[in-house]
Structures are given as structure tokens and as C-alpha cells.
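The values are calculated or read from the model by the stated rules, or taken from the named source; none is laboratory data. In this text, all values refer to a predicted model and were calculated from it rather than measured experimentally. Reconstructed Cβ throughout: ideal geometry from the backbone, glycine too, with neighbour counts over all protein chains shown.
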Amino acid sequence: MFFRSVDSRGLYANGVLALSAFSIFLTTVFNSDVYSLIQLYIVGMCLSMVLVQLAVVRYRMRLLRITLAQMPRRALLRDIAVSAVGVMVTAAVLVIVVVTKFAAGAWLSLGMIALMVGGMVVTRRHYDAVDAALDIPLNAESVADVAALPSRVHAIVYVERVRRPVVRALSYARAGRPSTIEALTVNNDRAALEVVKKRWYALGIPVPLSVIDSPYRDTVDAVVSYIRRRRKKSPRDILVVYLPEFVVEHWWQRLLHRRTVRRLKQALLHEPGVMTATVPWAMHEDEVYDEIFDQRLQSEESTVEAEDPTAAVAPKITRSAGGGRELIQSNRHAVYRGRLHEADAVAREKKRQP
């Protein structure tokens, strides 16, 4: 995450910090010995001077090709000759330094430079290979592949426990209108499985629940094996795996929960024909929605009271939330939702009228 800054200022700041840390490391390793550290510096300095002089010569040679006037051409030729002499002198100094100071520490600078250049070359080749692999040729076959659709789309919702994130994932999966949809749970514990099945059928969820066994209590391996078997039955179809996940508010709270969903996501990334869709549920989401509704209702109530000072405020009621907790929540939210639905219904009725 240290080098993930997308702006130039962040990259520059991170580079300065990394360079400072590496300088402190070298100073500590060489015990602050100036004679030893100067050997590292002089190799890099001479090499950079050679490269700069070469770049200047190359740049002026390009200018010489497009310059037609006689006087500017003479000035460019003079500058090229001076820069060429500088290249030869700095190159000679670099060779002398490398030969005479190689055992004194120059080998470390040369090795680091070689590693950095090799890393840059490998990175560039990787980017070129990725661009070539992802490029779309402009021919009829490629256009047909782009326009082609999968035969069918099958949705699979992973169910660990029947809770709010699972219900939201089921809603999103059903909203996508796939060809088939099923919920999948793993039998790692008989008692926990019975609780899942009991709550599933008690809620009346209109999605079939499939149960697979895991002899070694490895949830990820069991789910991946099941999806691979489904893929073998219909290789031309697409499988979309919905992974419900609850998001905690603080970073340290993530350490207290299992990472089954993340492991499943990583395991399914390399499966052909399988798409993963993570459906997050924020733990503080209800509080955010309540605050938004409160703000909107307060603005509406202030408008209503300005028009009619005798308007009554809706009373508060008590309802039970999931987990057996009792919450005191104003039914003004329900009133506000009712107003929105009523306004939508009136708008649709006006559109239908000729």
C-alpha cells in the first residue's frame, strides 16, 4: 500500500521516504564510514553523468536533422562536439573508478543498478505482454466475439448464516434475472446446518437451498469443487457467485472475524467462466439511513408546520430488531416512505392519462 498513490505528489513523497529509509540503512551497515560510502556514490555519479551527456548528444543530433539554417547548424555541431568530448571523458572516469574501486564497494552499486534496470525491463515486458493479450483486433471475428452472449447465466449465492447480508445478496441475485438461481451452504457442523435450514424455511425465501458436505471442514475447497462440477456440466454457461460480506467500521475489528469470503474470492479469480460479485453490508448502515431520513423528514415537517401550525407529529413506536435487541425507532421513516410511494403513484397515474 506504500506505493499505491495515484497522484504525482504522493508518488514523490513515498519515493523520498523510501530513499531516506534506504540511506539510513546503508549508513548503519557501513558504520557511517565516509570512505566506504563514497565508493557507492562515485559510481552512481559517474554513470549518471555519462547518461546525461549521451542524452544531450542524442537530442542535439535530432535537432540537427530538422535545422536548415547555416548558423544554427554550426552552433549545434559545436555543441555536439563538446558533448561528445564530455561523454568520452566521463566514460573514461567511470571505467577507472570501476576498475580501481570495485573491491572497495563499487560492486555493490553496480549490482544494485543492474537489479533496478532488470526490474524495469521485466516490468515493461510485462506491460507489453498484457497489452498484447488484452488488445482486440479490428476484424470480423473479434466483432462477433464482442457481440456474442453467454448461453445462460446461473447465479449461486453463498450462505454461511441466514442474516441480513445474505438477504441482500439474494435480492441482488434475483434482480439480475439469471436463468437459474440457487443458494449454497456447506455442511461443516450439523447443528449449525440445522439452524440455517430452519431460519431459511421460516423466512420463506423463494430460492432453493443446496447443501454440500465438507469432509475436512474446508469451506473454500468444497465450494470451488462444486462450482467446477457445475462448469463441467455446461461449459458455455456463465456462473455468477454472489458473496455476501459484512463490513465493520474499524480496522481492528476485521481481525476478529473469519476471512472465508475473501478466500473464496481469491480462489475463484482464476476459474474460467466464473464471475464473483461481492455484496457488502456495512454494520453502521442503518444508522446512516436513519440519519438521512431524519434530515429529510425534518425539512418536510418544517415546511408543513409553516403551512399548518396545528400539524401533529407522528408518535414513536417500539419494534424489535434482529438479535433480540429492542430499539426505539420513530415511525416517521415509514411515513416518509409512504409519502414517496404515494408521490410516485400519482406521477404514474398522470402519465397514463391521455
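Counting only residues that are closer than 18 Å to Val157 by Cβ and within 26 Å of the chain's Cα centre (by Cα), how many does region 205-221 have?
Restricting attention to region 205-221, the residues satisfying the condition of being closer than 18 Å to Val157 by Cβ are 205-212, 214, 219-220.
Filter once more, so that each one left must be within 26 Å of the chain's Cα centre (by Cα): 219-220.
Within region 205-221, residues that are closer than 18 Å to Val157 by Cβ and within 26 Å of the chain's Cα centre (by Cα) number 2.
Among the numbered conditions (1) closer than 18 Å to His154 by Cβ; (2) among the polar types (S, T, N, Q); (3) over 26 Å from the mean Cα position of the chain (by Cα), the only one that Asn187 does not meet is (1).
Within region 240-263, one or more residues are in a helix (DSSP H, G or I), among the hydroxyl-bearing types (Ser, Thr, Tyr), crowded, with 16+ Cβ neighbours inside 10 Å and in contact with a helix residue (DSSP H, G or I) (Cβ under 7 Å, 6 or more places away or on another chain). Close contacts from region 126-153, counting a first residue that is at pLDDT 85 or above and a second that is surrounded by 10 or more Cβ atoms within 10 Å (Cβ to Cβ) and of a type in the set (D, E, K, R), with Cβ to Cβ under 9 Å and a gap of 6+ residues or different chains, come to Arg152/Asp237; Val153/Asp237. Residues in region 58-72 that are in contact with a Lys or Arg (Cβ under 8 Å, 6 or more places away or on another chain) and among the hydroxyl-bearing types (Ser, Thr, Tyr): Thr67 alone. Against the definition (outside any loop (DSSP other than H, G, I, E, B) and surrounded by 14 or more Cβ atoms within 10 Å (Cβ to Cβ)), how does Val223 come out, yes or no? So Val223 fits the description; yes. Would you check if Arg199 is surrounded by 12 or more Cβ atoms within 10 Å (Cβ to Cβ) and without any contact (Cβ under 8 Å) to a residue 40 or more places away in the chain? Here the answer is yes, as Arg199 does meet what is asked.
Just a yes or no: is a residue in region 153-172 among the aromatic types (Phe, Trp, Tyr), under 24 Å from the mean Cα position of the chain (by Cα) and in a strand (DSSP E or B)? Break it down stepwise before answering.
Here is the first cut: in region 153-172, the residues among the aromatic types (Phe, Trp, Tyr) are 158, 172.
Still in the running and under 24 Å from the mean Cα position of the chain (by Cα): 158, 172.
Cutting the leftovers down to in a strand (DSSP E or B) gives us 158.
Within region 153-172 (the criterion being among the aromatic types (Phe, Trp, Tyr), under 24 Å from the mean Cα position of the chain (by Cα) and in a strand (DSSP E or B)), the answer is yes, since at least one residue qualifies.
Residues in region 22-76 that are aromatic (Phe, Trp, Tyr) and part of a helix (DSSP H, G or I) were compared, and the one that is farthest from Ser109 (Cα to Cα) is Tyr59.
Only a single item in (1) at positive phi; (2) modelled with pLDDT of 90 or more is not met by Gly105, and it is number (2). One residue alone among Ala155, Ala173, Ala183 is surrounded by 15 or more Cβ atoms within 10 Å (Cβ to Cβ), in contact with a Leu (Cβ under 6 Å, 6 or more places away or on another chain) and within 22 Å of Pro272 (Cα to Cα), and that residue is Ala183.
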